[in-house]
Amino acid sequence: MTTYHHRIHKRLLDLFILLCAAPLALVLIGCSMLLIALIDGVPMVFRQTRIGLHGKPFTIYKLRTMRDNGFNQGMPTKLGERLRATRLDELPQLLNILNGTMSWVGPRPEQEKFVMPLLKTHPEFAARHQVKPGITGLAQIRMPHATQRDNMDKLPYDMAYIESANLLTDVSILFKTLFAILQSKQP
C-alpha cells in the first residue's frame, strides 16, 4: 500500500519526468495534431470519461485515431494505426499528469461502462482505484495486447503493483515501457 511520503515522491517524480519530456512531447503532439488535421480532419483530440482515483470520474485526453465520420466509426484511420503503434496517441495524457488525475505509472483507467458491471460481479476490482491511474503499468508490461475483456486477468498485476509500489518499481516500469515502444513493430 502506498504511503503519504510515497505519494509525495511519486508526484514529484511525475512532474520531474513531465518537465524533462515536455519539449519533445510538445513537438510530437503538435506535429501529430497537424497531421491528423490535414489527413483526417478535426477533431484532433479525443476526450473520454474514465474512472480514476477513489472511483472518481475524470476526462482523459488522447490524439484521435478513429474515424469520426458517422459511417466508419470505430475503425482506426491509417494515421491512427501508426499513432497507436508508436503510442503517440497517448501523449495528450501529459495534461492528465499535469493536472494530477493520472500518474506515469499505475493501473490503466477504464471507462465507466466497463467498470460498473465488473464491480457488481467482482467487487475486488474497486481495489485498483486506491492509486492514481497511469499511462503505463505492470499489467501493460505483462499483458501488452490486453483489451477491456481482459480486465480481470490484469487485476492481479494491478494489485501486485499497488501492494509493492515504490519509486524504483515506477522507474523500472517506465524503462520497460520505453523499451517495449522502441522494440514495437510499425504497422
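The values are calculated or read from the model by the stated rules, or taken from the named source; none is laboratory data. Quantities reported herein were computed from a predicted structural model and do not represent experimental measurements. For neighbour counting, all protein chains shown are included, and Cβ atoms are generated from backbone atoms with ideal geometry for every residue, glycine included.
Every condition in (1) touching a Lys or Arg at 6+ places or on another chain (Cβ under 6 Å); (2) under 29 Å from H129 (Cα atoms); (3) without any contact (Cβ under 8 Å) to a residue 60 or more places away in the chain is met by R7 except one, and the failing one is (1). For segment 80-134, residues that are outside any helix (DSSP H, G or I) and not polar (S, T, N, Q) total 15. Inside segment 18-49, can you point out the residues that are over 22 Å from A85 (Cα atoms) and either in contact with a Ser or Thr (Cβ under 7 Å, 6 or more places away or on another chain) or assigned to a strand (DSSP E or B) (or both)? Across segment 18-49, the qualifying residue is only T49.
In segment 161-183, the residues that are on the phi < 0 side of the Ramachandran plot and of a type outside the set (G, A, S) reach residues that are surrounded by fewer than 14 Cβ atoms within 10 Å (Cβ to Cβ) and part of a loop (DSSP other than H, G, I, E, B) with C-beta atoms within less than 9 angstrom, at least six apart or across chains, in these pairs: I162/M1; E163/M1.
For segment 120-150, enumerate the residues that are touching a residue at least 40 places away in the same chain (Cβ under 8 Å) and buried (at least 21 other Cβ atoms within 10 Å of the Cβ). Those that are touching a residue at least 40 places away in the same chain (Cβ under 8 Å) and buried (at least 21 other Cβ atoms within 10 Å of the Cβ): H129, V131, K132, P133, I135, T136.
For segment 107-146, the set of residues classified as under 17 Å from A180 (Cβ atoms) and of a type in the set (G, A, S) consists of G134, G137, A139, A146, listed by residue number.
Has segment 31-51 got at least one residue that is closer than 16 Å to V131 by Cβ and either buried (at least 19 other Cβ atoms within 10 Å of the Cβ) or at pLDDT below 95 (or both)?
yes
Can you name the residue in segment 67-116 that is hydrophobic (A, V, I, L, M, F, W, C) and surrounded by fewer than 17 Cβ atoms within 10 Å (Cβ to Cβ) and is also modelled with the lowest pLDDT among such residues? This residue is F71.
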